[in-house]
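Throughout, read-outs are computed from the coordinates displayed, never taken from laboratory work. In this text the structure is predicted, and so the values were computed from the model without any measurement. Cβ coordinates were reconstructed from backbone atoms using ideal geometry, including for glycine residues, and neighbour counts include every protein chain displayed.
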């Protein structure tokens, strides 16, 4: 047994008291933060209706879901887009308040999975707090996630550590990639849309994570740069979305390739392989150009830059800009140093790869033949496996198919009837022309079938027999098909605009 003298004992007692004071202060601080967040946090209960791409004249299946959100400046509630997608009715709950407050979507950004809600009843905001935003957290720093995950109706708090800051795919759209922050706090269904807080400020919005079968306690949050861009974009009361540089490049880590390009040892950058004609850089940047700097930031040989003290992909510069903004590149072209300005805009051909929400499926039904534009939704709905179809879908942008066919029209299904018998093998094939007219869009299909003719001949892409329909048989067959399959409308050409009515 070891004995301590009185002086040592006093020192230990003083240290214990000081430690107790510090722990008490930390506990009080954490308690104050949690109370502020509790007054800002809301539980979102959504009834949605998912469009049916296999029977697009039907309204779709009704579903119910729960998520989280929080109050920000302007009496608005921030949450995820995936929580409120395809919504029909929505209510908000507050901790300690039994009432349910109807809400609606004010703005939504499916490309970065963010949304703002509004509540008509001003009494909803009685007793609420408004949360402010911070910055990008440091690696290994501690954060707290708040929300209403499954397993209870009260606020849940989990703590974790920031483990990674990087560009990553956002699963909601299935295509877009933006800056993300990985944390090891538990993320469960219902947590989505809740705030991630550090030092009293929101530094992210919970939005996706891995299942336990893939990775334990690995979740992701949308960081403040993405949130700030969304909030700035809607200052004019509409969301324009992200711009696209639409440039593909390869790294210059290989010494032999650097020598081939005659790059000096002190130069770093990436080499352009292709430029999308419909993108921002078309006519300004060309294949074989070497991108050395972007807005004055040197580009490393693997395509990264130093920005705000972080090592990020160079696209982060473009990520923070808006439609009509410019970005300046220092480039090396045929051994000449140049500075070029690129005016930024969206690149519409990429939208074929994104999951669509808040829109009714577009289609034309004629004599039991269902025509639809190719899209990610369509391919997922039909679990398409036709190799020719998937090939054209995958190279729609890279092979610039969009120049000749802004939409690829597919014979997605056939409602069996005597008038369309024996054409079953042509399902999920691409339409080339109708009565000699090349089909470039869905409107071309509707227009071709509206023209008077003795018969309609539909030719498909590839070596396939055409579909032949006798015009005088169509009116009777049409009535028979509509009644038999309970079809309520025969076409929806759409305008591509989301609706929240």
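Any idea what the relative contact order of the range 245-357 is, in percent, if you count C-alpha pairs under 8 Å spaced at least 6 apart?
25
What number, in percent, do you get for the relative contact order of the range 351-492 if the mean sequence gap of Cα pairs under 8 Å and at least 6 apart is divided by its residue count?
It rounds to 26 percent for the range 351-492.
Would you mind computing, in nm to one decimal, how far apart the modelled labels at residue 32 and residue 159 are, each placed 7 Å from Cα along Cα→Cβ?
Label-label distance for residue 32 and residue 159, simple model: 1.7 nm.
Just to confirm my numbers, what's the Cα centroid distance between the range 26-104 and the range 362-440 in Å?
Spelled out, the Cα-based centre of one part sits 37 Å from the other.
Compute the angle between helix 474-484 and the longest alpha-carbon principal axis of the chain, please, reported from 0 to 90 degrees and rounded to the nearest 10.
Value to nearest ten degrees: 40.
Helix 6-40 against the longest principal axis of the chain: what's the angle in degrees, Cα atoms only, rounded to the nearest 10?
Taking the Cα atoms of the chain, the angle to 6-40 is about 30 degrees.
Could you calculate, for the range 123-250, the ratio of the Cα radius of gyration to the Kirkwood radius, expressed as Rg to Rh?
Value, to two decimals: 0.99.
So if each residue of separation counts as 0.36 nm, and I subtract the Cα-Cα distance between residue 277 and residue 385, what length gain in nm does that give?
Contour length minus Cα-Cα distance gives 36.0 nm.
Could you tell me the distance between the Cα centroids of the range 118-139 and the range 290-310, to the nearest Å?
If we compute the Cα centre of each part, the gap is 35 Å.
Once you order the gyration tensor axes a ≥ b ≥ c over the Cα atoms, which shape class does the range 398-501 get: rounded for a/c under 1.5, otherwise prolate or oblate by comparing a/b with b/c?
Oblate, since a/c reaches 1.5 and b/c is not below a/b.
Given the convex hull over the Cα atoms of the chain, what projected area results after averaging over all orientations, in nm²?
34.6
Using only Cα atoms and rounding to the nearest 10 degrees, what angle (0 to 90) does helix 224-233 make with the longest principal axis of the chain?
Taking Cα atoms only, the helix is inclined about 50 degrees.
Could you work out the helix-only [θ] at 222 nm for the chain, with each DSSP H run of four or more residues adding -39,500 (n - 2.57) and the total divided by the number of residues, to the nearest 500 deg cm²/dmol?
Per the formula, -5500 deg cm²/dmol.
If packing is taken as the average count of other Cβ atoms within 10 Å, what order do 404-414, 91-101, 127-137 fall into, highest mean first?
So the peptides 404-414, 91-101, 127-137, ranked by packing, come out 404-414, 127-137, 91-101.
Is the shape of the range 277-347 best called rounded, prolate or oblate, per the rule: a/c under 1.5 gives rounded, else a/b larger than b/c gives prolate, else oblate, with a ≥ b ≥ c the square roots of the Cα gyration tensor eigenvalues?
oblate
Quick check on packing: order 287-293, 220-226, 333-339, 162-168 by the mean number of other C-beta atoms within 10 Å, highest mean leading.
Packing order, densest peptide first, comes out as 220-226, 287-293, 162-168, 333-339.
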